[in-house]
Amino acid sequence: MSDRTRIALALVAAWGLVLAAIAAAALLVGADLADHQRAVLAAVLQERAPMLVVVSLLLLVPLVFILKTLFSRYVKAPRRLAEDIRIMQTANPGHRAPVRGSAEIRRLADGFNSFADAHETLKRDVEARVREANERIEQERSRLAALMSELAQSVIMCNIEGRILLYNSRAMQLLRKPLDGAAAAGKAHSLVGLGRSIFAIFDRNLIIHALDSIHDRLQQGARGPVASFVTTTPAGQLVRVQMAPVQGAAAGAAAGDAEQGVTGFVLILDNITRRIETGNRRDLLLQTLTQGTRASLGSMRAAVETIAAFPEMERQAQDRFIGIIGDEAQRLSARLDETVGEFADSLRTEWPLEDMRGADLIAAARRRIETRLGLPTKLEDVDESIWFKVDSYSLMQGISYLASRLHEEFGIREVRFGLKTEGQLAHLDLIWTGAPLGVETTTSWQTDSMETGGEACPLTLKQIVERHNAEIWYQIHKPSQREYFRIAIPWTRPEEATWSAPLPAESRPEFYDFDLFHQPGQTPEQDSMPLTALSYTVFDTETTGLQPSQGDEIVSVGAVRIVNGRLLEHEVFEQLVDPRREMSPEASRITGIESSMLENQPTIDRVLPAFHAFCADTVLVAHNAAFDMRFLRLKEEATGVRFTQPVLDTLLLSAVIDARQESHGLEVVAERMGINPIGRHTALGDSIMTAEVFLRMIPLLAEQGIRTLGEARAASQKTYFARIEY
Amino acid sequence: MGKRILIADDEPNIVVSLEFLMKQKGYAVRVAATGEDALNAIGDFGPDLILLDVMMPRMSGYDVCQRVRENPDWHGIKIIMLSAKGRDVEVTKGMAVGADAYVTKPFSTKDLIAKVQELLGE
């Protein structure tokens, strides 16, 4: 109801009341009069009727004045005050209500103003503190980023599901993987990336084994346990990996859990390829030196002592012994010269062995044997105080390998473990009964390459044992009819871990993304996931032409990643491809790629597998994706690589957002979204632009109620353009 | 007297001395240069004691030793292992596979002869 109508209604009501009061007074007076008086009065009133009407109308004037005053004082003034308060609260905290109007309203305004003063001060205070805190965090971030990039080691941090949350650029360099066929002119692509799986880089079992051993140590109350292992990178480098757990109250961790949950882990990688090579050579040299020297010395000493013991021996025999001495002396000096020459550049070896409690190793081996082989195990005498230096994963593999051969080839139904010390050595025994083995068998088991539970290992048992400075042999204990493999291995005292505190994670902006901590594992229910939470590979291809079915080929693939709503500009894929045919002048003009640029580039059968690895576990996004996908699909058979992940098309999404627009070309769409076209018509340039377009589309889609991947796909399908097939 | 000794070693320079010494002590001596030869020689020569080198091509001294110990007919044969490998683990292994003594090169010939005589109960 408008103010005008309200005033009008009030006016009519007030006027009516006044008139009614006068009429009532007139009626009362009339009732009291005698008949003749009434007749006289009626005559007088009838005569003056027009005047009465005018007077009653004049009555409206003061009424209007009174009502207006009341309205402005007690309706409009509070209303203005309410408006002022709203401004103070939202738009402008510095705004104050003017103090005017009636005494009551003035007091009210005063009260509100002082309340606003207090509120404003408080708000400023809080804001200042938040700003300060943010600045501190920012400072710490950049300090950490600097530290991380200066570190000589490669650092990778993962959540408990093995997704990478953080890494430094060294890690990225170390874990580059060259295209298959090595000599490719193209660059290598790193396997490290935010949200990527660490298991694409390192063997899952290796990581899980290390996590298990950390878990065991934590349960025993160890502080800051670290596990380490040695493995190879996809490019064949030997790295020593140290793992430390990231502990913390995970969201949703069961309350009252005595042990702090491990929510992730940090890997510190050290490239030891060269060190191991030098170490191996040094070991070999040392071995030839000592063993050769011993042998020669043995021959010389025996000869000298023989001559001394039998001075009467024949001349001929004597000459022979002297000959031996001379011969061996020459061999010795030659060997010495040779060794010293080679020794000069050898460095100290750091054998990548870690301290481990013998009982823990046995426990791990038992778990593995029982779960993998389904073979029951038992403990005999196990000395729990024994520690040794081991590469626990390979040694455990070796033990379960022996168990599996006993089980598979000799039907052994149970194995037992024993552990004791003898002098400087620990004796680790794998014990069974009822299947005497021949020497050939036990020797060949040691030199065959190992395989347990379908899992191959390039090492032999012999190599593993040698690596530990240990020996292994088979023995029968006659009285008890027990047989065993005994591994004699030097025991040690445990050292404290060389480092324990996990680094609080941080690096340059694009190298971290902690929101992934809260990410559920990749599930088939991807469709129900919100668009903002998915990881995407946005890609584009350049081709020799538009007709893949008529022999047009890909000449360039570019891609960029989006993780948790961020475009990761450092994690890109860019590769020219030799199409094995000429570029048409038209194609060269559009793409800027000349045939000469494609010579010596890898062919598509080598590029696509690398690209496929780059896309792993992400949703594909492309502008006019149907076109690019058609090229990829046609290569499936030749390359053996299939792109099965969900695909989103920014062209279709543009049509979903604004169906009335005529054009949905990338450039036009980008312009509508307010994005400057840079580096157009290179595969990578277009990918970046498409990615920016896609990121801006996500909130626009949300406005239309399209929030999940499934909804976006369904909406795309409905649009007209979906029917176009290349 | 008349005890037989088999020398199994692929290094001729040490074999010469050992052979001479053992013969001087009045033992009958046979020489084998490989593990296989040694096993064959045991059959037809019937040694009382074997001087067994650990590092021989193809079949190692450990293997020969284990074979000998597996055969009940050869139960009484004494075995002295000779080796240029002198680490604890190797000595332990040698004794574990059935050697009566493990001698690391270089060794004193006098001690070796004493050891031989002791093992042969002389």
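Coordinate-derived values only; no laboratory data. Because the structure is a prediction, the values reported are computed rather than measured. Using ideal geometry, Cβ is built from the backbone for each residue, glycine included, and neighbour counts are taken over all protein chains shown.
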Exercise for the section: Compute from the Cα atoms of segment B:43-94 the Rg and the Dmax, the latter being the longest Cα-Cα distance, and quote both in angstrom. Expected result: 11.4, 34
Practice task
Just grab the label-to-label distance for A:D337 and A:L11, each label 7 Å out from Cα along the Cβ direction, in nm (one decimal).
Solution key: 12.9 nm
Practice task
Find how much the distance from A:V304 to A:E161 grows on full extension, using 0.36 nm per residue of separation minus their present alpha carbon separation; answer in nm with one decimal.
Solution key: 44.6 nm
Exercise for the section: Take every Cα pair under 8 Å in chain B that's 6+ residues apart, average their separations, divide by the length, and report that relative contact order as a whole percent. Expected result: 22 percent
Practice task
Let me know the Rg and Dmax you get for segment A:354-428 when you use only its Cα atoms, in Å.
Solution key: 12.3, 35
Problem - Inverse mean reciprocal Cα-Cα distance (Kirkwood Rh) of segment A:1-138, Å - result: 20.4 Å
Practice task
Provide the gained length on full extension for the span A:A39 to A:Q291, in nm with one decimal, where the gain is 0.36 nm per separating residue minus the Cα-Cα distance.
Solution key: 75.1 nm
Fill in the blank from the handout: Percent of all alpha-carbon pairs of segment A:571-726 at distances over 29 Å, whole number, is 22 percent
Exercise for the section: May I ask what percent, to the nearest 5, of DSSP beta bridges between residues of the protein assembly as shown are antiparallel? Expected result: 75 percent
Problem - Virtual spin-label span in nm between A:R100 and A:R372, 7 Å along Cα→Cβ - result: 8.9 nm
Exercise for the section: Calculate I(q)/I(0) for segment A:92-239 by the Debye formula, one identical point scatterer on each C-alpha and no solvent, and give its log10 at q = 0.16 Å⁻¹ to two decimals. Expected result: -1.02
Problem - More than 53 angstrom apart: percent of Cα pairs within the protein assembly as shown - result: 46 percent
Practice task
Give the calculated FRET efficiency between A:R581 and A:A128 to the nearest 0.05, with a Förster radius of 56 Å applied to their Cβ-Cβ distance.
Solution key: 0.30
Exercise for the section: Would you mind getting me the FRET efficiency between A:Q550 and A:R660? Use the beta-carbon distance for r and R0 = 22 Å, nearest 0.05. Expected result: 0.05
Fill in the blank from the handout: Magnitude of the Cβ-charge dipole (Lys and Arg +1, Asp and Glu -1) of segment B:1-66 about the Cα centre, nearest 20 debye, reported as 340 debye
Handout entry: Gain on full stretching of the segment that runs from A:T644 to A:E140 - 0.36 nm per residue minus C-alpha separation
Key = 177.3 nm
Problem - Viscosity 0.890 mPa s, temperature 25 °C, Stokes-Einstein D of segment A:585-625 from Kirkwood C-alpha radius, µm²/s - result: 193 µm²/s
Fill in the blank from the handout: Taking a label point 7 Å from the Cα of A:S480 along Cα-to-Cβ, the residues of segment A:356-398 whose backbone nitrogen sits under 15 Å from it are A:378-383
Exercise for the section: Please name whichever of A:V415, A:Q37, A:L651 sits farthest to the positive end of the charge dipole of chain A, dipole taken about the Cα centre and charges placed at Cβ: Lys and Arg +1, Asp and Glu -1. Expected result: A:Q37
Problem - Kirkwood estimate for chain B, i.e. one over the average of 1/r between Cα atoms, Å - result: 14.1 Å
Exercise for the section: Could you pull the Rg and Dmax for segment A:649-700, using just the Cα atoms, both in Å? Expected result: 10.3, 30
Exercise for the section: Could I get the Rg over Rh figure for segment A:117-176? Both from C-alpha atoms, Rh via Kirkwood, rounded to two places. Expected result: 1.30
Problem - Three semi-axes of the equivalent ellipsoid, segment A:545-617, Cα gyration tensor, whole Å, largest first - result: 25, 14, 12
Exercise for the section: Grab the DSSP H runs of the protein assembly as shown that are 4 residues or longer, score each as -39,500 (n - 2.57), total them, divide by all residues and round the 222 nm result to the nearest 500 deg cm²/dmol. Expected result: -15000 deg cm²/dmol
Problem - Computed E for A:R4/A:Q526 - FRET, C-beta separation, R0 45 angstrom, nearest 0.05 - result: 0.15
Practice task
Could you work out how far apart the two model spin labels at B:E36 and A:E636 are, taking each label as a point 7 Å from the Cα in the direction of the beta carbon, and quote it in nm?
Solution key: 5.7 nm
Handout entry: For the protein assembly as shown, size of Cβ-based charge dipole, Lys and Arg +1, Asp and Glu -1, in debye
Key = 2860 debye
